[in-house]
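Have a look at the structure below before the remarks.
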Amino acid sequence: MKDIFFQDYKKLLKFLVICYNVDGDSMEELFKALKIKPKNIELYKSAFSHSSYVNEHNVKHNYERLEFLGDAVLDLVIADYLFNNHRENEGEMTKVRASYVCENANYCYAMALHLQDYILVGHGEEKEGLKKAIVADIFEALMGAIYIDLGYATARKVILDIIVPYIEDPTTNFFNDYKSALQEFVQTEQKSLEYVLVKEEGPAHDRRFTVEVKIDNIVYGKGIGTSKKEAEQEAARHAIDKMAKK
């Protein structure tokens, strides 16, 4: 009985801490780090509310609409920065933008800002632990909230302050998940994407897989690996390289 009480107490304490974190006053530390003075705190509360939490607590808005907007704002700000500060061609700029506006990168930015401390999720998501994709989405939602609340100029400054140091640091490399980067590109361009296993060979202990990646039914890359996942990543990398040279 004592253990059960203690577990319930810990859950209650965790809930109270989370509720405190999304209060406007308690987010003051985050706002100071971002160098902003919010006008509409409710927007920021929505930016940190996952759909599972909204459904369980009868809250009006989750972060998804703000995430959609924030993704577009991030793309525009980074595209504008690259256009004005780098000499790469369109293909190379697309590759760089995809590298610094992707799930891996957004997750890194979010963790650096400790955004995970403010996220509200339902009991199911809480039991499973915060997914990387949710943390990355929250970063986009926060940028969307800043844009709506304080305008493009402020959102642009916040985004550049966060991301440009990573772009200008040659040791930074978010571009290891080529499949995700390629997926984001084709979604932006509204194109189809397909990975096709064209060959599987070798003994059971030393298999080799060959995969082609097609965009709008045109082969853009081929990859070989010891697993299908590895071959798909390699195919995606070749596809991105090919697009960058166009």
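The values are calculated or read from the model by the stated rules, or taken from the named source; none is laboratory data. Being a predicted model, the structure only gives us computed values, none of them experimental. Heads up, the Cβs are rebuilt from the backbone with ideal geometry, glycines too, and the neighbour counts pull from every protein chain shown.
List of remarks:
- Some residue of the range 39-62 being under 26 Å from residue 168 (Cα atoms), outside any loop (DSSP other than H, G, I, E, B) and at pLDDT 85 or above: no
- Residue count, the range 213-244 (criterion: under 23 Å from residue 93 (Cα atoms), surrounded by fewer than 18 Cβ atoms within 10 Å (Cβ to Cβ) and touching a helix residue (DSSP H, G or I) at 6+ places or on another chain (Cβ under 6 Å)): 2
- Matching entry among 167, 218, 146 (being out of contact with any Ser or Thr (no Cβ under 8 Å at 6 or more places or on another chain) and under 26 Å from residue 63 (Cβ atoms)): 167
- Odd one out for residue 197, checked against (1) under 21 Å from residue 89 (Cα atoms); (2) exposed (fewer than 13 other Cβ atoms within 10 Å of the Cβ): (1)
- Residue match in the range 170-180 (condition: under 16 Å from the mean Cα position of the chain (by Cα) and surrounded by 22 or more Cβ atoms within 10 Å (Cβ to Cβ)): yes
- Criterion violated by residue 214 - all others in (1) assigned to a helix (DSSP H, G or I); (2) farther than 20 Å from residue 36 by Cβ; (3) without any contact (Cβ under 8 Å) to a residue 24 or more places away in the chain satisfied: (1)
- The helices (runs of 4 or more DSSP H) falling completely within the range 94-152 that include 2 or more residues that are of a type outside the set (A, V, I, L, M, F, W, C) and at pLDDT 85 or above map to 103-112, 132-150.
- Just one of the numbered conditions (1) surrounded by fewer than 17 Cβ atoms within 10 Å (Cβ to Cβ); (2) of a type in the set (S, T, N, Q); (3) in the same structural domain as residue 235 (by TED's automatic domain parsing) is not true of residue 210: (1).
- Odd one out for residue 234, checked against (1) at pLDDT 85 or above; (2) closer than 30 Å to residue 45 by Cα: (2)
- Residues within the range 37-95 that are under 25 Å from residue 243 (Cβ atoms), free of Cβ contacts under 8 Å to residues at least 60 places away in the same chain, surrounded by 16 or more Cβ atoms within 10 Å (Cβ to Cβ) and not hydrophobic (A, V, I, L, M, F, W, C), tallied: 0
- Among residues of the range 150-167, those that are among the small types (Gly, Ala, Ser), surrounded by fewer than 18 Cβ atoms within 10 Å (Cβ to Cβ) and closer than 15 Å to residue 40 by Cα, counted: 1
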